[in-house]
Amino acid sequence: MSEQLIPNENHRHAPNVSFVIFGASGDLTSRKILPALCNLAKDGSIGKTFSLVGIARTPLDDDGFRKLIKNAVKESNPAFDEIISRARYVNGEYTDQASFAKLKTILDETAQISLGNVTYYLATVPEMFGEVALELAKAGLSKPSGDNFIRLVIEKPFGRNLAGSKILNDKLHKAFEEKQLFRIDHYMGKENVQNLLALRFANAVFEPIWNRRYVDNVQITVSESLGVEHRGGFYETEGALRDIVQNHVMQVLALTLMEPPASVQADSIRDEKVKLLHSVEIMEAQKVNDLVVRGQYASGKIDSQDVVGYRDEPGVDPTSTTETFVAMQLEVDNWRWAGVPIYVRTGKRLPSRVTEVAMQFQRVPHLSFSKDLSKDLQPDVLVFRIQPDEGISLRFGVKVPGPTFKLQSVSMDFSYSDVFKDPPRDAYERLILDALIGDATLFIREDEVTQAWKIVAPIQESWENNSSPLCYYPSGTFGPEESSQLLSKSGRQWHLR
């Protein structure tokens, strides 16, 4: 790629608003939300018209909350320092009306700056999402009046299963209209996830071959080298299917395979994502074992260091059957993708941290070269690297220099960091700013959530009934051997860098 640096001119400003964080003393707030706000202030996206309010059970006053913010961001800039100096805090329970009465008083005071606009951010434990929404409604804090807006940003998970997601949505809709709800999935804020739309619909060279006539299979990989770290107790209640597949993977899958939207407006894009998810075939219960692999990491080595197995992690049941790895084959029953297998895998304690989509193309119908000359020729593949090094790679065949006509596969790479002057925004920066502005394009609509749960529901049911085997894999490998067999039975294999 050219070394010319392209400036980032995509600069937007949030309107007058009070930003209220429920769970303001928690890990997510300190690790992600507050640093994101600091960076938004640094580049001028928020400033004098922005008020910050925190609410949590931790016994703090306004000054204590301001110290917490400064400790979390670990840097200073004048714009954010001014926001910190005006930050307010509510100490109380999330189901105590006294807490919401105090919050209402503070919001009345900050209305001089916010003009009555409010964006709530639920960074609490998931069990409190619906309860907080209902309490906001009881306090008269969920409905806008006049020209102002009130929005609610909700962290995943959106329920623990299909039934739970419906219960949560019912509670949310008792307090808020759907247009007020911004369900956040940080994967959607990653630059290369969004670039899927640009690559497909802004380039004539790709769209004609983006279908079953040219594509042999599609692979989505979300690989982590880390284990559960100190979150063993939490992970025991989640597992890889809930934690990654139902949300992150389904969103990436929908953007990769959906039909062209009528426009780039939020509802046009989200309509097409929902249509695609409706086209994903729901597995029959008796086929789960043939199409899905459930794994759990055992001891092994990561970067030459010995690591323990999942069952030996702190907070994990020594007889746990929680999955740390999932691989599956999906089918999309529509005109564009009929007959093209979609392979998905995600896991912890794999060799490296990688999130990517690999689109493998059909082999040429007739190869004129001998097997000896073409033995190093692999199928053409288009790869979207979502993390850690965001970019795109195209693998294709070329002649090796020399007197014989020997063929070899090579890759042509594009990396964001090599071309663009400014690093991409952190996903939380992009999504928080979108929520403040009211751009719902990258947020998850209720019908998307419901359909994603329907896709994984038969798998959950099979596993809960203990009718699916649990396969083990050494840490530092790409999962159980059964994962490779999922593809090898049709003569395919996982794409590896």
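The values are calculated or read from the model by the stated rules, or taken from the named source; none is laboratory data. Small disclaimer: the values here were computed from a predicted structure and weren't measured. With ideal geometry, Cβ positions are generated from the backbone for all residues, glycine too; neighbour counts draw on all protein chains shown.
This table checks each residue for (1) assigned by TED's automatic domain parsing to the domain that holds residue 23; (2) crowded, with 18+ Cβ neighbours inside 10 Å; (3) farther than 28 Å from residue 434 by Cβ; (4) not aliphatic (A, V, I, L, M).
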site	(1), (2), (3), (4)
46	yes, yes, no, no
70	yes, no, no, yes
76	yes, no, no, yes
93	yes, no, yes, yes
101	yes, no, yes, no
- Among (1) modelled with pLDDT under 90; (2) under 23 Å from residue 437 (Cβ atoms), the one test that residue 231 misses: (2)
- Query: Any idea which of (1) under 29 Å from residue 134 (Cβ atoms); (2) surrounded by 15 or more Cβ atoms within 10 Å (Cβ to Cβ) is the one residue 59 doesn't satisfy?
  - Reply: (2)
- Of these, 203, 169, 211, which one is outside any loop (DSSP other than H, G, I, E, B) and either at negative phi or of a type outside the set (A, V, I, L, M) (or both)? 169
- Listed residues 218, 252, 228; which is closer than 15 Å to residue 324 by Cβ and assigned by TED's automatic domain parsing to the domain that holds residue 360? 228
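Given the options 272, 284, 356, name the one that is out of contact with any Cys (no Cβ under 9 Å at 6 or more places or on another chain), over 25 Å from residue 391 (Cα atoms) and either of a type in the set (D, E, K, R) or surrounded by fewer than 19 Cβ atoms within 10 Å (Cβ to Cβ) (or both). Steps first, please.
Numbers: 272 fails: over 25 Å from residue 391 (Cα atoms); 356 fails: over 25 Å from residue 391 (Cα atoms).
Exactly one residue qualifies, and that residue is 284.
Please go through the stretch 427-469 and pick out each residue that is assigned to a loop (DSSP other than H, G, I, E, B) and either modelled with pLDDT of 95 or more or not assigned by TED's automatic domain parsing to the domain that holds residue 331 (or both).
Going residue by residue through the stretch 427-469, those that are assigned to a loop (DSSP other than H, G, I, E, B) are 438-443, 445, 465-469.
Listed by number, the residues that qualify are 438, 439, 440, 441, 442, 443, 445.
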- Message: It is to be established whether one or more residues within the stretch 23-44 are over 25 Å from the mean Cα position of the chain (by Cα), under 27 Å from residue 439 (Cα atoms) and crowded, with 21+ Cβ neighbours inside 10 Å.
- Response: no
- Note on the stretch 387-426: residues in a helix (DSSP H, G or I) and either assigned by TED's automatic domain parsing to the domain that holds residue 122 or modelled with pLDDT of 85 or more (or both) are 418, 419
